[in-house]
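The structure appears right after this line, and notes come after that.
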Amino acid sequence: MTINTSAWVRFLRSYGPIPSNDNMYDESIRRALRRTKLKPLTLPAQCIDALLENFNAETPNSVILTGTAGDGKTYHCRAVWLALGGSDQDWDEGDKIQTLSVGDRQLVIVKDLSELEEIESDAMIRQFSADAVDPQRRTLYLIAANHGQLLERLKAVTDSERVRDLSNAVEALMVTGRAPPEGIHVQLFDLSRWPAADHLMHVIREIVTHEGWDGCQDCGSAEQCPILINRQRLMEDESGERLTSRLQNLVRVSELNGHHFPIRQLLVLVTNMILGHPEARHGLMTCPDAMLLAQQGRSDGASLYRNVFGENLKASVAERTDPFAKLALFGVGQETSNAVDSLLVYGADDPKLRARYDALMRADANYGATAVFARAQLDYLEGAESGAQATFLNLLRGQRQRLFFTLPDLDPITGSVWDLTIFKHAGEYLAAAEAVKDGRPPVRETMIRIVRGLNRVFSGMLIQTSDQLVLATSGTHSETKISSLVEEFISVPRKSGEEVAVVAGVDAQIDLKVSFARDGDPPPVTLTLTPTRFEFLCRVADGALPTSFSLECFEDFLALKARLLSAAKRRQVLDGPGQGDAFELRFLDVTDDGRANSRRVSVRL
């Protein structure tokens, strides 16, 4: 172990979930790196090329750089400053608003709009709104601001029509992505729109390949060091690829559910995975901690498969630390199956399971069937006191978490890895999202699940029909769960303008699209299928009660049903008048095999 390596680990530790994590901020990072003389991490900066291309163009625009806290806005601003000829010293010692000559123009860079005093901010916004409409663009701006702060500051200046026009243009850019009105020369880059799963791999590579690890080869404890074991497992060999792929999928599904992971949170996550141990100070190891834990035979507590969910931290800390709170929603470790628990509990002694147990548990000497686990397992099977049982159940939770990251996608004994999460159909969702992104329809089984789930929600009955969408009502405004009157049958395959399809949505999500007519009148009805909504439909299609998974999802689909019924009514009006002094009721009948049919009854007025 060298001093440089120990300094690198201490520096990396400051990225973790500790009380004084000043290194989460760009300015503090640079100060710390100058002190330690470490090479800085190169963080994802997906907009740099586009920003430089804009500011070097013949007719450049001003740029607003927005996103959530920790998305790297200041990092982007500094990179632009340096690339356009600014100096490190001027940036570090400069004011909140920096200026730089770019050709015959001036570039004004606001590092963080929220840091400006109200008077200073209002004056800058007034000048910005004036320069943004200047056809000559003599003064350009690069302004960094969080989503809410940006609009709040713009709308605070109420006495200027020019600022109001700018505010409306920026709001349209943020919400709809539409270009601003002609004459307002502003672009907006939203860093939160880039997929965090891609950034995650960048962060992992930067950390695990950093030159700060080079001194570890001189450490006498390198082979037993839990920090290096965790680092090695994140390297890109076969097992590392499976681990990082599963972690990417968790982040991807989480973001598709609306839970964004800024780069700052990814740094916290990866750092905690490598350095986490519940017995270390603040739950994060230093080099001396790792050496002591290895010597005492307690390094198994450093399992990165548990650290990824913040299990090394106090429960109160993990619950209020964003990346772990978001990942905890998957229930990995709590969710399981009989096959998985049978393997973990009885696999060592069951001849039918022993070979698979050896491959999945005994083959991992560090975090699998360790001496600690084997002893707790024996105590549990022999009926030890409640304290020993609680210890084993906690270890069992950790093994479920490890298996989620190490099992094959479809294991011959344990089945799908997604069975170890609340989102048991997440793999199917990701496959559907990938398909529609490439312009292909989802596999037939996925459409069957979606339509069957919708029909059961819309009718309140265990309908098996999957080639038609059944729009049923109760005929009253009551809260009855059973809808026995059929308004429409909508063909799922395209037929006479009708179709039920899954199409690509915004930001890699998928949308459900129901079409009624060839000419688009009434227009199609769409609903974004988040992973949570998709899981709800799949659970209902598999036999769960419509409200047992999520009342919010149930209400979402009832609102969709109301929109579909309105569109169906519109089509009926466009098709012409009915039968004069009579109208027809269609009662929903379900056959013994679950098919939905209608029974017609004419009523004369």
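The values are calculated or read from the model by the stated rules, or taken from the named source; none is laboratory data. In this text, all values refer to a predicted model and were calculated from it rather than measured experimentally. Every residue, glycine among them, receives a Cβ derived from its backbone with ideal geometry; neighbour counts consider all protein chains shown.
Report yes if R375 is part of a helix (DSSP H, G or I) and more than 27 Å from L410 (Cα to Cα), otherwise no. Reasoning before the result, please.
Values: part of a helix (DSSP H, G or I): yes; more than 27 Å from L410 (Cα to Cα): yes.
Yes, satisfied.
Residues to consider are L485, L462; find the one that is over 17 Å from F557 (Cα atoms), among the hydrophobic types (A, V, I, L, M, F, W, C), more than 32 Å from the chain's Cα centre (by Cα) and assigned by TED's automatic domain parsing to the domain that holds R563. Full working, then the answer.
Details: L462 fails: over 17 Å from F557 (Cα atoms).
From the options L485, L462, the qualifying one is L485.
Regarding R456, is this residue outside the structural domain of G310 (by TED's automatic domain parsing), charged (D, E, K, R) and touching a residue at least 40 places away in the same chain (Cβ under 8 Å)?
On the way: outside the structural domain of G310 (by TED's automatic domain parsing): yes; charged (D, E, K, R): yes; touching a residue at least 40 places away in the same chain (Cβ under 8 Å): yes.
Spelling it out, R456 is indeed outside the structural domain of G310 (by TED's automatic domain parsing), charged (D, E, K, R) and touching a residue at least 40 places away in the same chain (Cβ under 8 Å).
In segment 323-380, which residue that is aliphatic (A, V, I, L, M) and closer than 30 Å to I18 by Cα is nearest to the chain's Cα centre (by Cα)? Don't jump to the end; show me each part of the working.
Residues of segment 323-380 aliphatic (A, V, I, L, M): 325, 327-329, 332, 339-340, 343-345, 348, 353, 355, 359-361, 363, 365, 369, 371-372, 374, 376, 378.
Still in the running and closer than 30 Å to I18 by Cα: 325, 327-329, 332, 365, 372.
Details: A325: 12, L327: 9, A328: 12, L329: 11, V332: 16, A365: 32, V372: 35 Å.
Result: L327.
Can you spot a residue in segment 509-521 that is surrounded by fewer than 18 Cβ atoms within 10 Å (Cβ to Cβ), assigned by TED's automatic domain parsing to the domain that holds G439 and part of a helix (DSSP H, G or I)? Working first, answer last.
The first filter runs over segment 509-521 and keeps only residues surrounded by fewer than 18 Cβ atoms within 10 Å (Cβ to Cβ), leaving 511, 513, 517-521.
Among the residues that remain, those that are also assigned by TED's automatic domain parsing to the domain that holds G439 are: 511, 513, 517-521.
Of the ones still in play, those that are also part of a helix (DSSP H, G or I) are none.
No, because not a single residue in segment 509-521 is surrounded by fewer than 18 Cβ atoms within 10 Å (Cβ to Cβ), assigned by TED's automatic domain parsing to the domain that holds G439 and part of a helix (DSSP H, G or I).
Could you give every pair whose Cβ atoms fall below 9 Å, whose first residue belongs to segment 125-148 and is closer than 15 Å to L188 by Cβ, and whose second residue is acidic (D, E), counting only separations of at least 6 or pairs across chains?
S129/D165; L140/D131; Y141/D131; A144/D112; A145/D112; N146/D71; N146/D112; H147/D190
Would you pick out the residues in segment 190-227 that are assigned to a helix (DSSP H, G or I) and of a type in the set (G, A, S)?
Our first condition is that a residue be assigned to a helix (DSSP H, G or I); within segment 190-227, this holds for 191-193, 196-208, 211-218, 226-227.
Within segment 190-227, S192, A196, A197, G212, G215 qualify.
Output the number of residues of segment 95-111 satisfying the condition of being within 36 Å of the chain's Cα centre (by Cα) and surrounded by fewer than 18 Cβ atoms within 10 Å (Cβ to Cβ). Before you say what the answer is, go through the steps one by one.
The initial filter retains those residues of segment 95-111 that are within 36 Å of the chain's Cα centre (by Cα), namely 95-98, 107-111.
Right, trim to surrounded by fewer than 18 Cβ atoms within 10 Å (Cβ to Cβ) and you get 95-97.
Counting residues in segment 95-111 that are within 36 Å of the chain's Cα centre (by Cα) and surrounded by fewer than 18 Cβ atoms within 10 Å (Cβ to Cβ) gives 3.
Residue check: is R252 surrounded by fewer than 23 Cβ atoms within 10 Å (Cβ to Cβ) and either under 30 Å from R533 (Cβ atoms) or not assigned by TED's automatic domain parsing to the domain that holds L12 (or both)? I'd like the intermediate steps shown before the answer.
Working: surrounded by fewer than 23 Cβ atoms within 10 Å (Cβ to Cβ): yes; either under 30 Å from R533 (Cβ atoms) or not assigned by TED's automatic domain parsing to the domain that holds L12 (or both): yes.
Yes; evaluated as a whole, the condition is true for this residue.
Looking only at segment 289-328, how many residues end up being in contact (Cβ under 8 Å) with a residue 12 or more places away in the chain and either over 23 Å from F423 (Cβ atoms) or part of a loop (DSSP other than H, G, I, E, B) (or both)?
22
Only residues that are modelled with pLDDT under 90, over 19 Å from I263 (Cα atoms) and of a type in the set (A, V, I, L, M): list them for segment 1-21, please.
M1, I3, A7
Take Q401 and decide whether it is crowded, with 20+ Cβ neighbours inside 10 Å, touching a Ser or Thr at 6+ places or on another chain (Cβ under 9 Å), at negative phi and not assigned by TED's automatic domain parsing to the domain that holds A302. It would help to see each step written out before you state the result.
On the way: crowded, with 20+ Cβ neighbours inside 10 Å: yes; touching a Ser or Thr at 6+ places or on another chain (Cβ under 9 Å): yes; at negative phi: yes; not assigned by TED's automatic domain parsing to the domain that holds A302: yes.
In short, yes.
Which ones in segment 160-189 are part of a helix (DSSP H, G or I) and of a type in the set (V, I, T)? Full working, then the answer.
Within segment 160-189, the subset part of a helix (DSSP H, G or I) is 161-175.
Matches in segment 160-189: V163, V170, V175.
So which residues in segment 284-328 are modelled with pLDDT of 95 or more and at positive phi?
Selection gives G310 alone.
Does Q464 count as farther than 28 Å from P408 by Cα and in contact with a Phe, Trp or Tyr (Cβ under 6 Å, 6 or more places away or on another chain)?
Working: farther than 28 Å from P408 by Cα: yes; in contact with a Phe, Trp or Tyr (Cβ under 6 Å, 6 or more places away or on another chain): no.
Taking the combined requirement at face value, the residue does not satisfy it.
If a residue must be β-branched (V, I, T) and either without any contact (Cβ under 8 Å) to a residue 24 or more places away in the chain or out of contact with any Leu (no Cβ under 7 Å at 6 or more places or on another chain) (or both), how many such residues does segment 254-288 contain? Let's see the steps before the verdict.
Of the residues in segment 254-288, the ones β-branched (V, I, T) are 263, 268, 270-271, 274, 286.
In the following step, the residues that additionally are either without any contact (Cβ under 8 Å) to a residue 24 or more places away in the chain or out of contact with any Leu (no Cβ under 7 Å at 6 or more places or on another chain) (or both) were identified as 268, 270, 286.
Counting residues in segment 254-288 that are β-branched (V, I, T) and either without any contact (Cβ under 8 Å) to a residue 24 or more places away in the chain or out of contact with any Leu (no Cβ under 7 Å at 6 or more places or on another chain) (or both) gives 3.
Just wondering, is there one or more residues in segment 133-145 that are assigned to a loop (DSSP other than H, G, I, E, B), touching a strand residue (DSSP E or B) at 6+ places or on another chain (Cβ under 7 Å), of a type in the set (G, A, S) and surrounded by 14 or more Cβ atoms within 10 Å (Cβ to Cβ)?
Taking segment 133-145 first, the residues assigned to a loop (DSSP other than H, G, I, E, B) are 133-138.
Still in the running and touching a strand residue (DSSP E or B) at 6+ places or on another chain (Cβ under 7 Å): 137-138.
Filter again for of a type in the set (G, A, S), leaving none.
No, because not a single residue in segment 133-145 is assigned to a loop (DSSP other than H, G, I, E, B), touching a strand residue (DSSP E or B) at 6+ places or on another chain (Cβ under 7 Å), of a type in the set (G, A, S) and surrounded by 14 or more Cβ atoms within 10 Å (Cβ to Cβ).
Select from segment 51-78 the residues that are over 25 Å from the mean Cα position of the chain (by Cα) and among the small types (G, A, S) and write down the one among them that is surrounded by the fewest Cβ atoms within 10 Å (Cβ to Cβ).
Checked segment 51-78; the qualifying residue surrounded by the fewest Cβ atoms within 10 Å (Cβ to Cβ) is A57.
Does F261 satisfy the criteria of being under 30 Å from Q509 (Cβ atoms), hydrophobic (A, V, I, L, M, F, W, C) and part of a loop (DSSP other than H, G, I, E, B)? Walk me through how you get there before you give the answer.
Values: under 30 Å from Q509 (Cβ atoms): yes; hydrophobic (A, V, I, L, M, F, W, C): yes; part of a loop (DSSP other than H, G, I, E, B): yes.
The answer is yes for F261.
Mind listing just one residue for me: the one in segment 328-365 that is within 21 Å of D300 (Cα to Cα) and acidic (D, E) and, of those, surrounded by the most Cβ atoms within 10 Å (Cβ to Cβ)?
By that ranking, first place goes to D364.
I need the full set of residues from segment 22-70 which are modelled with pLDDT of 75 or more, touching a Ser or Thr at 6+ places or on another chain (Cβ under 9 Å) and among the acidic types (D, E), in order please.
Across segment 22-70, there are no qualifying residues.
Looking at segment 381-439, which of its residues are among the polar types (S, T, N, Q) and touching a residue at least 40 places away in the same chain (Cβ under 8 Å)?
Here is the first cut: in segment 381-439, the ones among the polar types (S, T, N, Q) are 386, 389, 391, 394, 399, 401, 406, 414, 416, 421.
Answer for segment 381-439, where residues must be among the polar types (S, T, N, Q) and touching a residue at least 40 places away in the same chain (Cβ under 8 Å): Q399, Q401, T406, T414, T421.
For segment 274-324, which positions are surrounded by fewer than 18 Cβ atoms within 10 Å (Cβ to Cβ) and among the basic types (K, R)?
R281, R298, K314, R320 - these are the residues of segment 274-324 that are surrounded by fewer than 18 Cβ atoms within 10 Å (Cβ to Cβ) and among the basic types (K, R).
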